[in-house]
Amino acid sequence: MRPALAVHGPLARGAFAVAVLVSLAVLFAPASDVPPAPYGIDKLVHASLFASLAFTARWAGVGRGVLVPVLVVYAAASEVIQGLIGRDAAVGDWLADLVGVLLGLLAWHRLARRAPHRPDGLA
């Protein structure tokens, strides 16, 4: 594992905190604050947001067994709440969230499993 990823220190926890705060701002902003965007962009936003949540949570040391159910419920709850605050609640957004979780977990797994690079290039 790379040294920067080996310790679940303040940087990892800070990155996760920022991802959580951004998700709260993006998912629960009033409809009037959501800018118009071309079709499909919202799915990319949802997937990216949940990928960053999954990746930074794993970096911060949150186990998969806790993380996955929490993010699945958070994704579903965010859609319900969006419907209650006058935004579009869509199953497609929830599915994009789940794809994002999988992509974030996959990215973490691949990055964390890579052999560390030696300065002499012999790794």
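All of the numbers you see were taken from the coordinates with simple rules; none came from a lab. Please read these numbers as outputs of a predicted model, since none were measured by experiment. Reconstructed Cβ throughout: ideal geometry from the backbone, glycine too, with neighbour counts over all protein chains shown.
Output the relative contact order of region 3-113, whole-number percent, from Cα pairs under 8 angstrom with separation of 6+ residues.
Details: 111 pairs, mean separation 41.3, N = 111.
Averaging sequence separation for qualifying contacts and normalising by length gives 37 percent for region 3-113.
In whole Hz, what ³J(HN,Hα) sequence does region 57-68 give by Karplus (6.51, -1.76, 1.60; θ = phi - 60°), x for Gly and Pro?
Coupling constants for region 57-68: 5, 5, 4, 6, x, 6, x, 4, x, 8, 4, 4 Hz.
Can you compute the helix-only [θ] at 222 nm over the chain? Use -39500 (n - 2.57) per DSSP H run of at least 4 residues, normalise by all residues, nearest 500 deg cm²/dmol. Present the calculation step by step, with values, prior to reporting the outcome.
Values: 5 runs with 85 residues, N = 123.
Helices in the chain give a 222 nm mean residue ellipticity of -23000 deg cm²/dmol.
Sum up the charges of everything whose Cβ sits under 15 Å from the Cβ of Phe16, counting Lys and Arg as +1 and Asp and Glu as -1, but leave Phe16 out.
Details: positive: Arg13, Arg58, Arg64; negative: none.
Within the 15 Å Cβ shell, the charges total +3.
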